[in-house]
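None of the figures in this text is laboratory data; all of them are computed from the coordinates on show. Keep in mind that what you see is a predicted model, and the values were worked out from it rather than measured. Cβ: placed from backbone, ideal geometry, glycine included. Neighbour counts: every protein chain shown.
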Amino acid sequence: MRYSALSLLMQALRGHRDWPSAWRNPEPKPEYSVLIIGGGGHGLATAHYLASRYGITDVAVLEKGYLGSGNVGRNTTIIRSNYLQPGNTPFYELSMQLWEGLEQDLNYNAMVSQRGVLNLYHSDAQRDAFARRGNAMRLAGVDAELLDREAVRRMHPYFDYENARFPIQGGLLQRRGGTARHDAVAWGYARAADRRGVDLIQNCEVTGITVTGGRVVGVETTRGPIRAGKVAMVVAGHSSAVAAMAGLRLPIESHVLQAFVSEGLKPLIDGVVTFGVGHFYISQSDKGGLVFGGDIDGYNSYAQRGNLPVIEDVMEAGMGLWPGLGRIRMLRHWGGIMDMSMDGSPVIDKTPVEGLYLNAGWCYGGFKATPASGLCLAHLIATGNPHPVAAAYRLDRFATGHLIDEKGAGAQPNLH
Ligand SMILES: Cc1cc2nc3c(=O)[nH]c(=O)nc-3n(C[C@H](O)[C@H](O)[C@H](O)COP(=O)(O)OP(=O)(O)OC[C@H]3O[C@@H](n4cnc5c(N)ncnc54)[C@H](O)[C@@H]3O)c2cc1C
């Protein structure tokens, strides 16, 4: 069923009893042309674009839990394309353009809201760095505006502008950036892929990857073996563990990242804002909760929960920016497992095992990449060639030294 005002009206007249399931719940078949390991945003987007853009529908997505149980349903929903490095800018701008047409493409309300992303700066040096980034964005056709302190104050009068240590001097604004409802993105891609014939298999953990003569021939799962000539690993924080099943060691570490939501409040902050001197960013959800987060916990882990020192660190940074936050009660927090790469940029590439593909290394910025990541991986699987905007996301760059170090932090996964 196509979602529309008419279908809503018809269902309303029938007491909303006849809505069909958003997707089927099929049994796995013994063989597919393409298997996608991981039913997160990127895996589901890959399935959608394989089917819709490349006509490949003999595809199964294998998800060990339920669809959207990973980072796609745990992130802070920020989308933007305010990148500096030439390897990144065209990719993230393509993603932003796909976000702008996503709801029509999927026939699904993903609550894409271009409410603006503002990065604050607090020193002359930081202003110069942001001016450089903004100029690079504009040269690449991406929108960017450098604001002074008064322009920021008009947008957000409640921040602490008199802070002697970290005075707010201004900010770099991308108006087209904003937020999207994270789990609706997973559901929208899932429904769209299912409608084109893709099998979405939940509660199906991949426990082994079968390789014969250097070529992938299928996978072992908790629901039996499945054969396929092409297998894509799209498992975010579990990338190293899954790649190890094929004998591969990745330049990726798994770290916990936490997020926080306050009690529901009346409209208070209408865009996304990042603090420039502590790792802290904040927006407000449509339900009224302030959504905020900070740095990764800083140790390797597969546990989807965080620790207290980082909670304190995030709250301190928040108070540094906006002292009024101290009056607000925090409602809940949670953690997700980040696939931190050594240069902070992702990989969308073939692996040394023929027919085995890798989509990983998204660090804590992979939600905004979901549409372009799915499209570029689908392109690679369907054509055998990298998509032009993802050509730099090669796995061998860690051996050749062609790193894409957006932050200039060096080979330190905990600093990206
Ligand atoms: C707290 C937090 C805040 C974040 N904030 C932002 C943000 O504001 N903006 C942004 O751009 N990004 C953000 N991110 C990052 C973003 O969420 C991730 O980079 C992105 O979601 C990763 O891609 P994914 O959706 O495919 O991952 P996931 O949703 O994690 O999908 C991977 C899937 O693989 C499955 N899987 C793992 N192993 C197996 C197996 N053996 N067999 C079968 N299935 C398996 C998992 O169950 C999981 O569902 C944030 C992340 C977190 C945790």
For region 229-284, count the residues as N, evaluate 2.2 N^0.38 Å, and divide the Cα radius of gyration by that value, please.
1.82
Phi-derived 3J(HN,Hα) across region 401-416 with the Karplus relation (6.51, -1.76, 1.60, θ = phi - 60°), rounded Hz, x for Gly and Pro, is x, 7, 6, 10, 9, 4, 8, x, 8, x, 7, 10, x, 7, 9, 8
Just LEU118, LEU139, LEU403 to compare: in a GNM of the chain, with alpha carbon springs under 10 Å, which one fluctuates most?
LEU139
Determine how many Å³ per residue the convex hull of the Cα atoms of region 301-385 encloses.
151 Å³
Here D for region 104-231, in µm²/s, from Stokes-Einstein with a Kirkwood Rh over Cα pairs at 25 °C and 0.890 mPa s, works out to 127 µm²/s
Got a sec? How would TRP187, TRP23, TRP334, TRP362 order by Cβ neighbour count within 10 Å, fewest to most?
TRP334, TRP23, TRP187, TRP362
Cβ-based exposure ranking for ASP286, ASP339, in which fewest neighbours within 10 Å come first:
ASP286, ASP339
How are the Cα pair distances of region 272-416 distributed, in percent, across 10 Å bins from 0?
10, 33, 31, 19, 7, 1
By the mean-Cβ-within-10 Å protection proxy, highest first, 266-273, 46-53, 95-102 rank as 46-53, 95-102, 266-273
Ascending count of other beta-carbon atoms within 10 Å, so fewest first, for THR212, THR57
THR212, THR57
So what is the diffusion coefficient of region 157-216 in µm² per second by Stokes-Einstein at 25 °C and 0.890 mPa s, using a Kirkwood Rh over Cα pairs?
139 µm²/s
Distant alpha-carbon pairs in region 360-416 (separation over 16 angstrom), percent:
52 percent
Taking region 73-147, the equivalent ellipsoid from its C-alpha gyration tensor has semi-axes in Å, biggest first, of 26, 15, 10
For region 252-347, how big is Rg over Rh, using alpha carbon atoms and the Kirkwood form of Rh?
0.99
To the nearest Å, what is the center-to-center distance of region 81-129 and region 1-38, using C-alpha atoms only?
30 Å
Based solely on C-alpha atoms, express the radius of gyration and the Dmax of the chain in angstrom.
21.5, 66
Value of [θ]222 nm, deg cm²/dmol, for the chain, DSSP H segments ≥ 4, -39500 (n - 2.57) each, nearest 500:
-8000 deg cm²/dmol
With no solvent term and unit scatterers on the alpha-carbon positions of region 1-89, Debye gives log₁₀ I(q)/I(0) at q = 0.10 Å⁻¹ of -0.44
What number do you get for region 189-266 when its Cα radius of gyration is normalised by 2.2 N^0.38 Å, N = residues?
1.48
Alpha carbons only, please: Rg and Dmax for region 146-297, in angstrom.
22.4, 66
Give me the percent of DSSP beta bridges within the chain that run antiparallel, rounded to the nearest 5.
70 percent
Tell me the net charge near ASN75. Cut-off is 12 Å between Cβ atoms, ASN75 excluded, with +1 for each Lys or Arg and -1 for each Asp or Glu.
+2
